[in-house]
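Input: a single structure, listed below in structure tokens.
The values are calculated or read from the model by the stated rules, or taken from the named source; none is laboratory data. Quick caveat: nothing in here was measured; it's all calculated off a predicted structure. All Cβ positions, glycine included, derive from the backbone under ideal geometry; neighbour counts span all protein chains shown.
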Amino acid sequence: MVDKAASPVILWFRRDLRLDDNPALGAAVATGRPVIPLYILDETGEGRRLGGASRWWLDKSLRALDRDLRGRGGRLILRRGPAEAELRYLIAETGAGQVFMNRLFEPDAFARDADIAHALKGEGVECVGFNATLLCRPGAVLNGSGLPYKVFTPFHKALLATARAPQPTVAPASFIVPQDLASEEIEHWSLHPTRPDWSAGFVGAPGEAGAKAALTHFVEKRLNAYALDRDRPDRSATSRLSAHLHWGEISPWRAVNTARAAATSGSVASAEADKFVAEIGWREFSAHLLHHFPYLPERAFKAEYDAMPWRDDPAALAAWRAGRTGYPLVDAGMRQLWATGTMHNRVRMVVASFLIKHLLIDWREGEAWFWDTLSDADLASNAQNWQWVAGSGADASPYFRIFNPVAQGEKFDPQGRYVRHWVPEIGRLPDRWIHAPWTAPSSALADAGVRLGRDYPRPIVDHAEARERALGALKTLKAVSRPEDDE
């Protein structure tokens, strides 16, 4: 009979792929027992199968975590299959009496974990959960009626008043880890793409060290101009932390506290730090909404928008995906996404608006494409942000707010540097026509070596006509709003 007082404990890693500021890890080590660091690739237990770009990031992040563990005398045990079954196999192999984990709050994962905890408890194995992915757990921030907030600003104010930062922790210097356990080889999981390998241009440094370096660089080099420059795709001004935060390679509290410390020291303006903290707050808002409203990725938060008369246009959808719409800013963003696994935040809004409103294609088509192609694909943020653009989400931008991709390019990429990088076939056009090449005189096109319709497509839809069609679709819904000027 196994002596559970001396048995090992399982540390079940999920989207908390770090050693510092990891409450489950700290609690596991504090037992004084041998710790089994475990990652289970459960392809179905969390609802959706990971997209291709996410799998690329996960591959690198797991390798980094394993290296970090080996540097402390441990290693990462890899298993693949339904999570409950794999946990049971490992418990039977080792006699482990406890499972430590950091909670996931997405609906399918949350329900799965609750079922696992209940089943194992009945067999004398305790599951101990913590929050390591959010500033505070969903359900901790509610309005005066005890209901979830549906508007960001009051949510964010309540969040800042409610949430309390935990004490930062550092990884233990060493682990006591059983050495005779079988582990799958990560190469056999085929997380990295082959035949072909489309990830050659992917950006980012997955892993905890990469996350820390990204945060340090952002705070020291970019944060002081963040509020203004973050909208400029032609500048390196964003934090580039989204994938690190999604995979839990860094704590959101560490990101918040580092920015606040820079403001306190006077190295950055308080307003800049506050803006960055608000962006972390928007991520939090999305996660809390999905936890309370689990249908968010599948149907409109505002039910009347499910009656929107979407168009079925496979050719237009394919052109959007490929960055061949004839609108340079849209095409630059979609090409950046495919080539690097990410896209500038301002451009994400523009390409989403174009798909939903210029092409009148269901936002769920875009959400699915982003899920597969973004290395930071996050179920809550992805669904919430697409519904925000579509006008159907909580605290959403109104549907009649239709981004003009030419005006957006002229405002946020005024010299066309971003477009020229990703749409080089029109790169020799002068600034005044770079965002609307079809308006350039034939002489300018000839001088730039551009043949519209051959080297670069003509617009697949006219902006003014598309805008009127979108507003007409809106009028078919019960809730009709007043149009406003393009942005």
Test result for Lys275, of a type outside the set (A, V, I, L, M, F, W, C), in contact (Cβ under 8 Å) with a residue 40 or more places away in the chain and under 24 Å from Trp371 (Cβ atoms): no
Taking the stated definitions as given, is Ala85 surrounded by fewer than 18 Cβ atoms within 10 Å (Cβ to Cβ), within 24 Å of Gly47 (Cα to Cα), of a type outside the set (Val, Ile, Thr) and in the same structural domain as Glu43 (by TED's automatic domain parsing)? yes
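Could you please let me know if Ala316 is in contact (Cβ under 8 Å) with a residue 12 or more places away in the chain and assigned to a helix (DSSP H, G or I)? Before the answer, list the steps.
Working: in contact (Cβ under 8 Å) with a residue 12 or more places away in the chain: yes; assigned to a helix (DSSP H, G or I): yes.
For Ala316, the condition - in contact (Cβ under 8 Å) with a residue 12 or more places away in the chain and assigned to a helix (DSSP H, G or I) - is met.
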Exception for Asp306 within (1) at pLDDT 95 or above; (2) of a type outside the set (Lys, Arg); (3) on the phi < 0 side of the Ramachandran plot falls at (1)
Filter the stretch 41-61 for residues that are buried (at least 22 other Cβ atoms within 10 Å of the Cβ) and touching a helix residue (DSSP H, G or I) at 6+ places or on another chain (Cβ under 6 Å); the one that is nearest to Ala171 (Cα to Cα) is Trp57
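Yes or no, residue by residue, for (1) in contact with a helix residue (DSSP H, G or I) (Cβ under 8 Å, 6 or more places away or on another chain); (2) surrounded by fewer than 18 Cβ atoms within 10 Å (Cβ to Cβ):
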| residue | (1), (2) |
| --- | --- |
| Ala261 | no, yes |
| Ser270 | yes, yes |
| Met334 | yes, no |
| Met349 | yes, no |
| Trp363 | yes, no |
| Thr373 | yes, no |
Subset of the stretch 306-322, residues under 19 Å from Met349 (Cα atoms) and either of a type in the set (D, E, K, R) or assigned by TED's automatic domain parsing to the domain that holds Lys150 (or both), comes to Arg321
When (1) assigned to a loop (DSSP other than H, G, I, E, B); (2) out of contact with any Asp or Glu (no Cβ under 9 Å at 6 or more places or on another chain); (3) closer than 28 Å to Leu19 by Cβ are applied to Gly248, the one that fails is (2)
Query raised in the report: surrounded by 22 or more Cβ atoms within 10 Å (Cβ to Cβ), of a type in the set (Phe, Trp, Tyr), out of contact with any strand residue (DSSP E or B) (no Cβ under 8 Å at 6 or more places or on another chain) and touching a residue at least 40 places away in the same chain (Cβ under 8 Å) - does that describe any residue in the stretch 384-392?
Result: no
Among Val170, Val128, the single one that is assigned by TED's automatic domain parsing to the domain that holds Arg33 and out of contact with any Pro (no Cβ under 7 Å at 6 or more places or on another chain) is Val128
So is Val128 touching a Phe, Trp or Tyr at 6+ places or on another chain (Cβ under 7 Å) and in contact (Cβ under 8 Å) with a residue 24 or more places away in the chain or not? yes
Condition set under 17 Å from Gly129 (Cα atoms) and hydroxyl-bearing (Ser, Thr, Tyr), scope the stretch 1-60, selection nearest to the chain's Cα centre (by Cα): answer is Tyr39
Picking from Ala464, Ala448, the residue that is on the phi < 0 side of the Ramachandran plot and buried (at least 17 other Cβ atoms within 10 Å of the Cβ) would be Ala448
### Task
With respect to Ala377, determine if the residue is touching a Ser or Thr at 6+ places or on another chain (Cβ under 7 Å), touching a residue at least 24 places away in the same chain (Cβ under 8 Å) and under 17 Å from Gly51 (Cα atoms).
yes
Requested in this report: Report yes if some residue within the stretch 93-108 is touching a residue at least 60 places away in the same chain (Cβ under 8 Å), of a type in the set (Asp, Glu) and over 26 Å from Gly47 (Cα atoms); otherwise report no.
Outcome: yes
Looking across the stretch 188-213 at residues that are among the charged types (D, E, K, R) and touching a helix residue (DSSP H, G or I) at 6+ places or on another chain (Cβ under 9 Å), the single one that is farthest from Arg33 (Cα to Cα) is Lys212
Of the residues in the stretch 269-302 that are of a type in the set (D, E, K, R) and part of a helix (DSSP H, G or I), the one that is nearest to Phe110 (Cα to Cα) is Glu284
Of the residues in the stretch 170-203, those that are among the hydroxyl-bearing types (Ser, Thr, Tyr) and either outside any loop (DSSP other than H, G, I, E, B) or under 25 Å from the mean Cα position of the chain (by Cα) (or both) come to Ser190, Thr194, Ser199
The lone condition Ala237 fails out of (1) at pLDDT below 95; (2) assigned to a helix (DSSP H, G or I) is (2)
The one condition Phe155 fails out of (1) outside the structural domain of Arg79 (by TED's automatic domain parsing); (2) touching a residue at least 60 places away in the same chain (Cβ under 8 Å); (3) within 29 Å of Arg33 (Cβ to Cβ) is (3)
Scanning the stretch 98-127 for residues that are assigned to a loop (DSSP other than H, G, I, E, B) and either at pLDDT below 95 or out of contact with any strand residue (DSSP E or B) (no Cβ under 9 Å at 6 or more places or on another chain) (or both) gives Leu104, Phe105, Glu106, Gly122, Glu123, Gly124
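Would you tally the residues in the stretch 152-169 being part of a loop (DSSP other than H, G, I, E, B) and in contact with a Phe, Trp or Tyr (Cβ under 9 Å, 6 or more places away or on another chain)?
4
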